[in-house]
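Contents: one structure, followed by commentary.
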Amino acid sequence: MQALKVYNTLTRQKETFTPLNPPYVGMYVCGPTVYNYVHLGNCRTFTSFDLIYRYLQHLGYKVRYVRNITDVGHLVGDADEGEDKIAKKAKLENLEPMEIVQRYTLDFRSIMQLINNLPPSIEPTATGHIVEQIEMTQKIMQNGFAYEAKGSIYFDVSKYNEANHEYGKLSGRVVDELISGSRDLDGQGEKQAPEDFALWKKASKEHIMRWNSPWGEGFPGWHLECSVMSSKYLGLQFDIHGGGMDLKFPHHECEIAQCVGANDTEPVKYWLHTNMLTVNGTKMSKSLGNSILPHELFTGTHTLLTQAYSAMTLRFMMLQTHYRSTMDMSNDALKAAQKGYKRVMNGLRIVKKMQYQENLEIPKDEKQIAEIEKIVSEMYEGMNDDFNTAVALAGLLNLLKKINSFHNGVLNINSLDQKTFDLTKNTFISFVEDIFGLREENQADLGEVMHVFLEIYREAKHNKNFEQVDKLRAHFKSLGVVVKDMKDKIDWAFEE
Ligand code: AMP
Ligand code: ZN
């Protein structure tokens, strides 16, 4: 089987994945700015990295996964001027900024849990690392790559490039383009050059989120937190840095510049970027007003949807597209995913009960054995080819066809050898549960199910079929349920 390959945005090619310090892997993913509910586009990016995290663990790597919470410094418009997104929302709602942060952090975590995205190993916040951000700014200044202007500190891109570094190498932007494309708005008045970016901003009188610093009261620039928290928890060099494609520039470009400027060390070995979730071909985004929120999906209250869809249906839909391709959200795509998800979960129930009988004198079916081995290796090859879940899922559905044929008696399970039987069962279960992170959510309502069985019980009693009545009572008892025969009705309760 081929080794794991990942597409590295920095080198623009697929590379064999060789961690800096195996079996350990350090992975940092830019987390949400918690000023609003996450939309399904955000969910796509975090689910893509959850799948990457799960697969690396499946391969035996010990992964430290750091995903931050941006709770200060991300300004409206993503540039160096304007209000802080969180402070703006706080003012609007007449709340403390930290109340905004708490509300949307909790919402974010509960959505992640519903989609079955595993929690990261560390979830640091920008406001929890102000001291480190000031220290990093000082280091960059000491190295000559930043300057003070009216109480704010800016990164000096031209000094950085003069020192033979290459600002723009990740995103492919050229500094000249940045200059001509810049707007007057971006704090240019105090910057020496439009391509420079803020490490620390002086707080105006109205600005409510502010901390003391050697340069007076202010707050950190948006890009700094990720350089600080990734290096603090993963070291000056680590394996994987991820985020959505829209973060390549300026955010990730600036992260590299800050780390190199402070530590003279290239921070990240593999840069991974997810493609966008779109609606009718346009990127889903809060500012464009075309975002769909998880609760709108779960309740079916968005105009694009004809019905409600569950979190696992959403997850299944996401698996069907490779993370570097765009994915268009539509009612039809969700409907198909809902069907696919149910098929896979039915398969999971079957496969968990499947038993192999050794020592049966049944001739082995070499053709089936070879086909199953081929399907399994295609599933791994898919995942090893830059985490191509679409290919792996297609393989899983082929494996499911085999499983259903065994279940229906079209094929005989005992015509496999024990090794191939184990391979079928273990691969199916571990792909569904551990790697794809799909889980059962269609729990039937116990009350409804009991209602149906009590009807059968009532009928048996009515027909004086006491053998059947006793049998049913015994079944109920083995499930910890007692049937209560009352004068005019029959009810049930859990055995006390
Ligand atoms: P934000 O909270 O805006 O910083 O975004 C959190 C993450 O979601 C970032 O990695 C973004 O790149 C990502 N993101 C935003 N919109 C989309 C989208 N439409 N599709 C996929 N990822 C997105
Ligand atoms: Zn970041």
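The values are calculated or read from the model by the stated rules, or taken from the named source; none is laboratory data. Everything quoted here is computed from the prediction, not taken from an experiment. Virtual Cβ from ideal backbone geometry, glycine too; neighbours counted across all protein chains shown. Accessible surface is based on the protein model in full, side chains and every heavy atom, while ligands, DNA and RNA are left aside. Shrake-Rupley method; radii C 1.70, N 1.55, O 1.52, S 1.80 Å.
Report, please, the projected area of the chain averaged over directions, based on the convex hull of its C-alpha atoms, in nm². Show your work: numbers first, answer last.
Working: hull surface 125.1 nm².
Taking the Cα atoms of the chain, their convex hull projects to 31.3 nm² on average.
I need the shape label for the stretch 398-496. Rule: rounded when a/c is under 1.5, else prolate if a/b > b/c, else oblate, with a, b, c from the alpha carbon gyration tensor. Could the numbers behind the result be given before it?
Working: a/c = 3.38, a/b = 2.19, b/c = 1.54.
Because a/c hits 1.5 or more and a/b exceeds b/c, the stretch 398-496 counts as prolate.
May I ask which residue of GLY340, VAL351, HIS252 lies farthest towards the positive end of the charge dipole of the chain, with charges of +1 (Lys, Arg) and -1 (Asp, Glu) on Cβ and the Cα centre as origin?
VAL351
How many angstrom lie between the Cα centre of the stretch 418-496 and the Cα centre of the stretch 110-151?
Between the Cα centres of the stretch 418-496 and the stretch 110-151 lies a distance of 51 Å.
Taking amide H positions as placed in the peptide plane 1.01 Å from N, state which residues far from TYR7 in sequence (5 or more) or on other chains have amide H under 5 Å from it.
Distant-sequence amide H within range of TYR7: GLU15.
Heavy atoms of the protein only, probe of 1.4 Å, neighbouring chains included. What is the accessible area of ASP156 in Å², nearest 10?
That residue has around 10 Å² of solvent-accessible surface.
Looking at the chain, send over the antiparallel percent of its DSSP beta bridges, to the nearest 5.
On the way: 24 of 46 bridges.
Restricted to the chain, the bridges split so that about 50 percent are antiparallel.
Just how large is the dipole of the stretch 446-494 about the Cα centre, in debye to the nearest 20, putting +1 at every Lys and Arg Cβ and -1 at every Asp and Glu Cβ? Please list the in-between numbers first.
Working: 9 positive and 8 negative charges, 34 e Å.
I would put it at about 160 debye.
Where does each of 120-127, 216-223 land if you order them by average Cβ count within 10 Å, highest first?
Values: 120-127: 19.4, 216-223: 22.1.
The most tightly packed comes first, giving 216-223, 120-127.
Please state, as a whole number in µm²/s, the translational diffusion coefficient that the Stokes-Einstein equation yields for the stretch 65-181 at 20 °C and 1.002 mPa s, with Rh defined as the Kirkwood radius across alpha carbon pairs. Numbers along the way, then the final one.
Working: Rh = 17.3 Å.
D, rounded to a whole number, is 124 µm²/s.
Expressed as a whole number of Å, what is the distance separating the alpha-carbon centroids of the stretch 318-371 and the stretch 247-287?
Taking the Cα centre of each part, the stretch 247-287 and the stretch 318-371 sit 34 Å apart.
Expressed in whole Å with the largest first, what are the equivalent ellipsoid semi-axes of the stretch 446-494 derived from the C-alpha gyration tensor as the square root of 5 times each eigenvalue?
On the way: eigenvalues 49, 32, 20 Å².
Working through the eigenvalues yields semi-axes of 16, 13, 10 Å.
Dipole magnitude of the chain about its Cα centre, charges +1 at Lys/Arg Cβ and -1 at Asp/Glu Cβ only, in debye to the nearest 20?
Around 1300 debye, computed over the chain.
Give the calculated FRET efficiency between GLN320 and GLN357 to the nearest 0.05, with a Förster radius of 30 Å applied to their Cβ-Cβ distance. Don't jump to the answer; show the numbers that get you there.
Values: r = 36 Å, r/R0 = 1.20.
In this case the efficiency is close to 0.25.
How much solvent-accessible surface does TYR233 expose, in Å² to the nearest 10, with a 1.4 Å probe and all protein chains in place?
Near enough 50 Å² of accessible area.
Below 14 angstrom from the Cβ of ASN263, what's the summed charge of the other residues (Lys, Arg +1; Asp, Glu -1)?
Working: positive: LYS139, LYS232; negative: GLU132, GLU135, GLU255, ASP264, GLU266.
Neighbour charge sum, excluding ASN263 itself: -3.
Counting Lys and Arg as +1 and Asp and Glu as -1, what is the net charge of the other residues whose Cβ lies under 12 Å from the Cβ of PHE431?
Local charge sum for PHE431: -1.
Excluding residues fewer than 8 places away in the same chain, name every one of the lysines whose C-alpha is closer than 23 Å to that of LYS484.
Qualifying lysines at Cα under 23 Å: LYS461, LYS464, LYS471.
Report, to the nearest whole %, how much of the accessible area of the stretch 327-433 belongs to carbon and sulfur atoms, 1.4 Å probe, protein only. Don't jump to the answer; show the numbers that get you there.
Working: 2580 of 5150 Å².
Whole-percent figure for carbon plus sulfur exposure: 50.
Expressed as a rounded percentage, what relative contact order does the chain have, with Cα pairs under 8 Å and six or more residues apart?
Values: 745 pairs, mean separation 78.7, N = 496.
Across the chain, relative contact order equals 16 percent.
Just to check, using Stokes-Einstein with a Kirkwood Rh over alpha carbon pairs, what's the diffusion coefficient of the stretch 298-400 at 10 °C and 1.306 mPa s in µm²/s? Can you show the working numbers first?
Numbers: Rh = 15.9 Å.
Result for D is 100 µm²/s.
Order ARG349, ARG67, most accessible first, counting only protein heavy atoms with a 1.4 angstrom probe.
Result of the area sort, largest leading: ARG349, ARG67.
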